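Here is the structure we will look at.
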Amino acid sequence: MYSIPSLDLPPLATAGGRVRLPGSKSISNRVLLLAALSEGPTQVDDLLDSDDTRVMLDALRALGCQIDTTGPQSVRVQGMGGRLAVREAALFLGNAGTAMRPLTAALALMATAQGARFELSGVPRMHERPIGDLVDALRQLGCPVQCLHNEGYPPLRIGDGQVHPLRLDAPIRVRGDVSSQFLTALLLALPLVAQHGDVVIEMATELISKPYIEITLNLLERFGVRVQRDGWDRFTIARGSRYTSPGRIAVEADASSASYFIALGAIAAPTPGTDGIAIDGIGLSSIQGDIRFVEAARLMGADIVGEDNALRVRRGAWPLKAIDLDCNHIPDAAMTLAVMALYADGTTTLRNIASWRVKETDRIAAMATECRQLGATVEEGADFIRITPPRGPAAGPPQGGTAPSGGSEPHEVGSVGAHGWRQATIHTYDDHRVAMCFSLAAFNPAQLPVRIDDPKCVGKTFPDYFETLFSVCRTPAERIPVICIDGPTASGKGTLAAEVASTLGYHLLDSGALYRLVGLAAEREGLSTTEADLRDPAHAERMGELAARLDVRFTPGKTWLEGEDVTEALRAEAAGMAASRVSAVPQVRAALLDLQLNFRHLPGLVADGRDMGTVIFPGAPLKVYLTASAEQRALRRHKQLISKGIPAILADLLADLQARDARDMNRTHAPLKPAEDAVLLDNSHLDIEQSVARVLDWWHGKQAFPVR
Ligand SMILES: Nc1ncnc2c1ncn2[C@@H]1O[C@H](COP(=O)(O)OP(=O)(O)OP(=O)(O)O)[C@@H](O)[C@H]1O
Ligand SMILES: Nc1ccn([C@@H]2O[C@H](COP(=O)(O)O)[C@@H](O)[C@H]2O)c(=O)n1
């Protein structure tokens with residue numbers, strides 16, 4: 001997950017490949033609660049691992065439910081059979097409506113029937129999300145429920161520690177026009193108290209988002225409770241209903257999450273050699289209502305082949321076709337249509353979406369504001385949004401090739417690209433769906449990058465969203481930004497590069513490690529690395545061959561040579577000296593070229609070495625030549641070695657690094673020198689933080705993202 005302030009997406013060109021999506025949030029949290037309320041243990045597989053499921057798991061554990069992790073996406077829930085193990089608890093439910101609403105109902109009924117008291121709270125936005133209709137229904141039943149700050153909103157106090165009779169003989173009336181989760185909450189909770197007679201729920205108003213109720217009814221059945229439904233007005237839970245564990249249950253992939261990849265397949269030209277986007281783990285037999293996003297995407301022109309548990313999406317009509325659609329049945333996935341509308345041949349209207357206003361943020365306002373940032377014309381109403389793409393029809397698809405303005409070269413702040421698109425900083429309002437939707441704007445025909453603020457908000461439902469997106473998107477290498485940091489040894493390149501990369505969410509290339517690996521591999525094969533031997537052309541040839549067949553693997557924080565962890569061995573001073581000698585051999589440098597170029601992946605790269613800016617990435621938009629006095633560098637290296645318990649003599653280190661500088665600077669091939677367009681940074685009197693801040697300032701100064 002990108003836990004950084006903002007993530008810059010380079011302009012993207014094509015997409016293709018296979019994705020497996022995380023489990024459905026709606027199913028995961030319903031299943032966890034049902035498993036906890038059931039008699040007997042339930043093994044839950046393919047569970048979503050995200051903020052919202054974490055709060056549900058934490059809440060159930062706080063309520064005394066035993067939940068064991070049995071795999072990366074699996075838990076075993078020991079059902080409590082509707083009996084409370086804990087009579088008092090304060091539960092924090094973040095911004096998870098799928099936890100807040102059902103737990104409110106289930107705990108209210110159990111607290112009233114068994115005598116207990118709970119407090120349920122969340123993040124500030126959760127305290128602005130209405131729950132009054134559910135509270136009213138629970139009060140009708142005789143449950144003591146108190147709104148602690150504002151009437152109709154969390155935080156709530158549920159129960160008063162005393163047992164009270166429940167009034168179950170009259171139908172329970174609940175409104176359905178604000179959130180279908182109120183009905184879901186009652187449907188999940190009432191089987192716990194239906195021992196003595198049928199329990200009936202009647203809708204007081206029209207029900208929205210009916211497909212979510214279908215998920216609820218389907219899952220209730222999996223846990224042994226069949227609800228009789230009369231249209232969408234009346235639901236009857238039969239006397240004697242009780243939850244029984246199905247033993248094992250697998251969670252489908254999330255249909256709302258699938259919408260981004262369906263849209264991706266519809267928007268992006270297929271990457272050559274691929275057949276569009278294949279989505280595993282969800283298909284047309286899904287029980288999730290958002291699977292009907294497939295129909296909406298088809299209306300806009302997507303070419304979708306659906307199987308029971310898989311989808312394949314290719315671009316069909318292009319530009320996409322503008323639509324006018326009632327989206328009540330797909331409230332979450334419909335947000336994705338708003339971004340598809342940016343690529344349409346006219347004005348798209350999405351109707352009957354009033355519930356967007358009370359979700360993680362006011363989604364109608366958020367989508368309208370951010371689409372406008374990108375250059376679209378947007379009209380919004382209480383329950384609709386109307387989007388006209390930037391300057392009318394999007395003229396042509398991004399097809400790959402070189403960006404007109406030089407790829408990763410900056411555009412002017414506030415600049416308007418081809419087709420009226422603007423380079424935008426997208427605010428995400430702590431709303432995962434806003435972040436995911438607007439990533440698709442990176443396919444804009446103007447080939448402008450897109451900045452997504454607070455990308456970690458996707459953690460609510462899809463923590464690895466951006467990684468998954470990048471795994472199936474392609475763009476010409478020159479559009480992927482590279483920051484080069486070259487300089488002499490111990491100037492702090494590695495430290496600086498790692499910090500800058502982690503702040504920007506970029507990949508990291510420590511090119512020195514590759515030369516160190518060659519030195520180490522040579523030593524292990526008994527191949528001499530003395531300067532005298534390396535002057536022999538046949539020996540140099542052998543060294544080049546060795547570099548070409550280097551069996552190396554990088555994992556976070558570790559380097560492996562022929563399957564052996566050589567991380568520590570590589571950092572030895574002797575390895576640095578050997579690297580300096582073998583790196584002067586042109587055959588070695590040539591052999592390592594492709595390996596280095598292959599580090600240039602989405603969303604960007606920070607590369608440190610000696611020739612990053614001069615030879616390997618000559619077109620990089622930022623090149624830093626980092627240096628410090630030899631004395632300072634020797635002192636730093638001395639401190640570094642001593643802190644690791646490695647004995648070192650300062651004078652020897654100084655002599656070694658001066659020898660290394662001389663060799664690196666004076667060799668014929670790719671000598672160490674600043675690139676002509678490099679900026680010089682002497683950090684002799686700067687600490688690490690100051691050096692990092694300086695480079696980030698230069699980098700941000702080169703971007704054309706508007707500050708908001
Ligand atoms: N600006 C700085 N001020 C003080 N110490 C620093 C600074 N930058 C880096 N250092 C320290 O100097 C030491 C050497 O830094 P680092 O390993 O990043 O250098 P390098 O240029 O990558 O070296 P090499 O080229 O040999 O790999 C480390 O202990 C690091 O913490
Ligand atoms: N791009 C590069 C990087 C490194 N070298 C040589 O490798 C030696 C070790 O590098 P470190 O950054 O890990 O210290 C270095 O002294 C250079 O001789 C290179 O040539 N080109």
Exercise. How big is the Kirkwood radius of the stretch 127-205, worked out from every pair of different alpha carbons and given in Å to one decimal?
Worked result: 13.1 Å
Problem set entry | Per-residue HN-Hα couplings for the stretch 15-29 [Karplus 6.51, -1.76, 1.60; θ = phi - 60°; Hz; x = Gly/Pro] | 8, x, x, 10, 10, 10, 9, x, x, 5, 5, 4, 6, 4, 6
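Loop only by DSSP, 11 or fewer other Cβ within 10 Å of the Cβ. Give me the trypsin sites (Lys or Arg not before Pro) in the stretch 520-564 that pass, ordered by residue number.
Values: sites: Arg524, Arg535, Arg542, Arg549, Arg553, Lys558; in loops: Arg535, Arg549.
Within the stretch 520-564, the qualifying trypsin sites (Lys or Arg not before Pro) (loop, at most 11 other Cβ atoms within 10 Å) are Arg535, Arg549.
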Problem set entry | Percent breakdown of C-alpha pair distances by 5 Å bin, ordered from the shortest bin, for the stretch 558-708 | 1, 7, 13, 18, 20, 19, 13, 5, 2, 1, 0
Exercise. In nanometres, what is the gap between the two model label sites at Trp232 and Ala662, each 7 Å from Cα along Cα-to-Cβ?
Worked result: 8.3 nm
Exercise. How would Met80, Met436 rank on accessible area, largest to smallest, probe 1.4 Å?
Worked result: Met80, Met436
Exercise. To the nearest 10 square angstrom, how much accessible area does Trp560 have with a 1.4 angstrom probe?
Worked result: 60 Å²
Exercise. Does anything in the stretch 5-37 have its amide N under 15 Å from the 7 Å Cα→Cβ label point of Asp280, and if so which residues?
Worked result: 17-23
Exercise. What ³J(HN,Hα) values, in whole Hz, does the Karplus curve 6.51 cos²θ - 1.76 cosθ + 1.60 give for the stretch 360-373 when θ = phi - 60°, with x put for Gly and Pro?
Worked result: 3, 9, 6, 6, 5, 5, 5, 5, 5, 4, 6, 5, 5, 4
Exercise. So if we plug the beta-carbon distance of Asp58 and His164 into 1/(1 + (r/R0)^6) with R0 = 30 Å, what FRET efficiency do we get, rounded to 0.05?
Worked result: 0.60
Exercise. Which of Gly152, Leu166, Ser209 sits farthest toward the positive end of the charge dipole of the stretch 25-250, with +1 on the Cβ of Lys and Arg and -1 on the Cβ of Asp and Glu?
Worked result: Leu166
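If each residue of separation counts as 0.36 nm, what is the full-extension length gain between Lys702 and Ala365 once their alpha-carbon separation is subtracted?
Numbers: separation 337, 0.36 × 337 = 121.32 nm, distance 3.06 nm.
Difference between extended and current length: 118.3 nm.
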Exercise. How many angstrom lie between the C-alpha centres of the stretch 229-296 and the stretch 71-85?
Worked result: 24 Å
Exercise. Along the Cα-to-Cβ line of Gln140, 7 Å from the Cα, sits a label point; which residues in the stretch 152-178 have backbone N less than 15 Å from it?
Worked result: 167-178
For this session: Return the Rg/Rh value of the stretch 474-552, two decimal places, where both radii are evaluated on C-alpha atoms and Rh is the Kirkwood radius.
Result: 1.09
Problem set entry | Of Ala540, Leu508, Thr489, farthest towards positive along the dipole that unit charges on Lys, Arg, Asp, Glu beta carbons give the stretch 478-703 | Leu508
Problem set entry | Positive-end residue of Ile480, Gln587, Leu641, charge dipole of the stretch 478-703 with Cβ unit charges | Ile480
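Can you work out the FRET efficiency for the pair Gln66 and Ala590, with r the C-beta to C-beta distance and R0 = 51 Å, to the nearest 0.05?
Working: r = 60 Å, r/R0 = 1.18.
So, using R0 = 51 Å, E works out to roughly 0.25.
Taking the inverse of the average 1/r across all pairs of different Cα atoms in the chain, what Kirkwood radius in Å do you get? Don't skip to the answer; put the middle values down first.
On the way: mean 1/r = 0.0354 Å⁻¹.
Mean inverse Cα-Cα distance, inverted, gives 28.3 Å.
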Exercise. Quick one: putting +1 on the C-beta of Lys and Arg, -1 on the C-beta of Asp and Glu, what dipole do you get for the stretch 478-703 around its Cα centre, in Debye to the nearest 20?
Worked result: 220 debye
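Only Lys, Arg, Asp and Glu count, each charged at its Cβ (+1, +1, -1, -1), so figure out the dipole size of the chain about its Cα centre, rounded to 20 debye.
Values: 72 positive and 83 negative charges, 136 e Å.
With Lys and Arg at +1 and Asp and Glu at -1, about 660 debye.
Could you state the accessible area per residue of the chain in Å², with a 1.4 Å probe and every protein chain left in place?
Computed with neighbouring chains in place, this is 38 Å² per residue.
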Seminar exercise, completed: Non-local residues with an amide H under 5 Å from the amide H of Ala322, with H modelled 1.01 Å from N and Pro and chain starts lacking one, are Asp345, Gly346
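Where does each of 647-660, 40-53 land if you order them by average Cβ count within 10 Å, highest first? Please list the in-between numbers first.
Working: 647-660: 15.1, 40-53: 20.9.
Going by the mean number of other Cβ atoms within 10 Å, highest first, we get 40-53, 647-660.
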For this session: Please list, in chain and number order, the residues 5+ apart from Ile485 or on another chain whose amide H is under 5 Å from its amide H, with Hs placed from the backbone.
Result: Ala607, Asp608, Gly609, Val624
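From the helices alone, meaning DSSP H stretches of at least four residues, give me the mean residue ellipticity at 222 nm for the chain, per-run term -39500 (n - 2.57), in deg cm²/dmol to the nearest 500. Let's see the in-between values first.
Details: 23 runs with 243 residues, N = 708.
That calculation yields -10500 deg cm²/dmol at 222 nm.
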Exercise. What's the long-distance tail for the stretch 25-250, i.e. % of Cα pairs beyond 32 Å?
Worked result: 9 percent
Exercise. In nm², what is the average projected area of the convex hull enclosing the Cα atoms of the stretch 1-109?
Worked result: 9.0 nm²
For this session: Taking amide H positions as placed in the peptide plane 1.01 Å from N, state which residues far from Asp454 in sequence (5 or more) or on other chains have amide H under 5 Å from it.
Result: Ser6, Leu7
For this session: Quickly work out the Glu39-to-Ile649 label distance, labels modelled 7 Å from Cα along the C-beta direction, and quote it in nm with one decimal.
Result: 8.1 nm
Problem set entry | the stretch 162-304 - Rg over Rh from alpha carbon coordinates, Kirkwood radius | 1.11
Problem set entry | Backbone HN-Hα couplings from phi across the stretch 446-451 [Karplus 6.51/-1.76/1.60, Hz, Gly and Pro as x] | 7, 6, 9, x, 10, 9
For this session: Please report how far the C-alpha centroid of the stretch 569-594 lies from that of the stretch 489-535, rounded to the nearest whole angstrom.
Result: 7 Å
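With all protein chains present, how much of the accessible area of the chain (probe radius 1.4 Å) comes from carbon and sulfur, to the nearest whole percent? Could the numbers behind the result be given before it?
Values: 13330 of 26670 Å².
Heavy-atom surface of the chain belonging to carbon and sulfur, 1.4 Å probe: 50 percent.
Which entries in Lys644/Lys673; Lys460/Lys702; Lys359/Lys460; Lys493/Lys673 show an alpha-carbon gap greater than 22 Å?
On the way: Lys644/Lys673 30 Å; Lys460/Lys702 32 Å; Lys359/Lys460 13 Å; Lys493/Lys673 14 Å.
Long pairs (Cα-Cα over 22 Å): Lys644/Lys673; Lys460/Lys702.
Compute the Kirkwood hydrodynamic radius of the stretch 320-377, taking the inverse of the mean of 1/r over all pairs of distinct Cα atoms, and give it in Å to one decimal.
On the way: mean 1/r = 0.0866 Å⁻¹.
For the stretch 320-377, the Kirkwood estimate is 11.6 Å.
Once you charge only the Cβ atoms, +1 for Lys and Arg and -1 for Asp and Glu, what is the size of the charge dipole of the stretch 25-250 about its Cα centre, to the nearest 20 debye?
Numbers: 24 positive and 24 negative charges, 74 e Å.
That gives a dipole near 360 debye.
The values are calculated or read from the model by the stated rules, or taken from the named source; none is laboratory data. Please read these numbers as outputs of a predicted model, since none were measured by experiment. Ideal geometry is used to build each Cβ from the backbone, glycine not excepted, and the neighbour counts take in all protein chains shown. Ligands, DNA and RNA are stripped out before the accessible areas are found, and what is left, the full protein with its side chains, is counted by its heavy atoms. Shrake-Rupley method; radii C 1.70, N 1.55, O 1.52, S 1.80 Å.
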